[in-house]
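Notes follow the structure.
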Amino acid sequence: MANNGRRSVKAKKGPTIGTGGHGRKALEGKGPTPKAEDRPYHKAHKSKQLAERSAAKRGTGARGAGAAKSGPKGRATEEVVTGRNSVVEALRAGIPAKALHIAIRIEMDDRVKESLKLAAERGIPLLETGKPELDRMTDDAIHQGLVLQIPPYEYQDAYELAEETVEKWKKGHVPNAPLFVALDGITDPRNLGAIIRSVSAFSGHGVIVPERRSVGVTASAWKTSAGAAVRVPVARASNLNSALKQFKNMGIFVLGLDGDGDVSLPDLTLAREPVCIVVGSEGKGLSRLVRENCDQIVSIPIDSAMESLNASMAVGISLYEVSRQRAAK
């Protein structure tokens, strides 16, 4: 059959000329789609920025009202109390302070005058500071020209505190049996401050907080304690369950507070012994492992219409009962 003079060409077997990988990037994906709040052009991103700025100005969130903590990128690492009301209240409560920063040409009022007077009486350095520096120190929170710089709290070691207290008690240097309160999952600094205040009121020997997932002694905790944090040591435990086991080996009875306890608080028979009362968060209560490490689970009788008590309130009631029984011996 005629083919008009054309010769058919068969394709050769073997490798063919390709792109050499130059088109590989074009075939690769761009990764997961960012969240709406992380896309600069999305309205959710603007809403997130507004919420963050609003929270910073109010001093809310983990910082607590009137308190701000320094951020990254070369900012100071210490906590500060901001705003005229918060600063004067902090000074009245005797919160430790490194310096009081005052805006240049600040408009004086009674709160500023009292803050200057209290700081001078306590020997706190007064530093005249420009507004840009105050804004930087407070992460642009509303400071009203007053910023109180708070030094980091120096925690004791939980084991060393308990061992030292037990030793003093055995030698007769401490009149009452060791009494501690341990926090399991408490994250509100106001709860910590109120608990420190109750421990001080009922002659307790210390408060134990875990290193992780727990509140620390912040400016807000200092304020709520009304100065009691000066008298009551707060100790840290790298692992709360390990610390409780060590306490038990020292002869300290570990009592957990929970609504479905083994014993009612009025029927408690261990009040005169060395005791560590453990309180959990209002929502979750005691964790499973902490419950297992308790010698007894104690419940506080309350009206059935009330589901639970605030952590600091539960501690205060329990410490009162322990103190009452010890005084009646």
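The values are calculated or read from the model by the stated rules, or taken from the named source; none is laboratory data. As the structure is a computational prediction, the values presented were derived from the model and not from experiment. Neighbour counts run over all protein chains shown; Cβ positions are idealised from the backbone, glycine included. Note: accessible area is taken over every heavy atom of the protein model, side chains too, but ligands, DNA and RNA are not part of it. Shrake-Rupley method; radii C 1.70, N 1.55, O 1.52, S 1.80 Å.
Odds and ends about this structure:
- Residues of segment 203-231 classified as open to solvent by less than 20 Å² (accessible area, probe 1.4 Å) and at positive phi, total: 2
- Scan of segment 137-163 for residues that are assigned to a helix (DSSP H, G or I) and either at pLDDT below 90 or aromatic (Phe, Trp, Tyr) (or both), ordered by number: 137, 159
- Some residue of segment 261-274 being open to solvent by less than 20 Å² (accessible area, probe 1.4 Å), touching a residue at least 60 places away in the same chain (Cβ under 8 Å) and either touching a His at 6+ places or on another chain (Cβ under 9 Å) or at negative phi (or both): yes
- Restricting segment 161-187 to residues that are of a type in the set (D, E, K, R) and in contact (Cβ under 8 Å) with a residue 40 or more places away in the chain, the residue that is least open to solvent (accessible area, probe 1.4 Å): 184
- For first residues located in segment 133-148 and of a type in the set (S, T, N, Q), partners that are part of a loop (DSSP other than H, G, I, E, B) and lie 6+ apart or on another chain with Cβ distances below 6 Å form the pairs 144/83.
- Taking residues in segment 206-233 that are closer than 25 Å to residue 290 by Cα, and partners anywhere that are small (Gly, Ala, Ser) and open to solvent by 40 Å² or more (accessible area, probe 1.4 Å), the pairs with Cβ atoms closer than 8 Å and at least 6 places apart or on different chains are 210/238; 211/238.
- Every condition in (1) at pLDDT below 95; (2) part of a strand (DSSP E or B); (3) of a type outside the set (A, V, I, L, M) is met by residue 276 except one, and the failing one is (1).
- Residue match in segment 232-244 (condition: of a type outside the set (Phe, Trp, Tyr), touching a Gly at 6+ places or on another chain (Cβ under 6 Å) and either surrounded by 20 or more Cβ atoms within 10 Å (Cβ to Cβ) or under 16 Å from residue 206 (Cβ atoms) (or both)): yes
Table: residues versus (1) modelled with pLDDT of 50 or more; (2) open to solvent by less than 20 Å² (accessible area, probe 1.4 Å); (3) in a strand (DSSP E or B).
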site: 68; (1), (2), (3): yes, yes, yes
site: 73; (1), (2), (3): no, no, no
site: 85; (1), (2), (3): yes, no, no
site: 89; (1), (2), (3): yes, no, no
site: 95; (1), (2), (3): yes, yes, no
site: 100; (1), (2), (3): yes, yes, yes
site: 105; (1), (2), (3): yes, no, no
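- Cβ separations smaller than 9 Å between residues 6+ apart or across chains give the following pairs from segment 81-95 residues that are within 9 Å of residue 115 (Cα to Cα) to residues that are among the β-branched types (Val, Ile, Thr) and assigned to a helix (DSSP H, G or I): 84/112; 87/112; 88/112.
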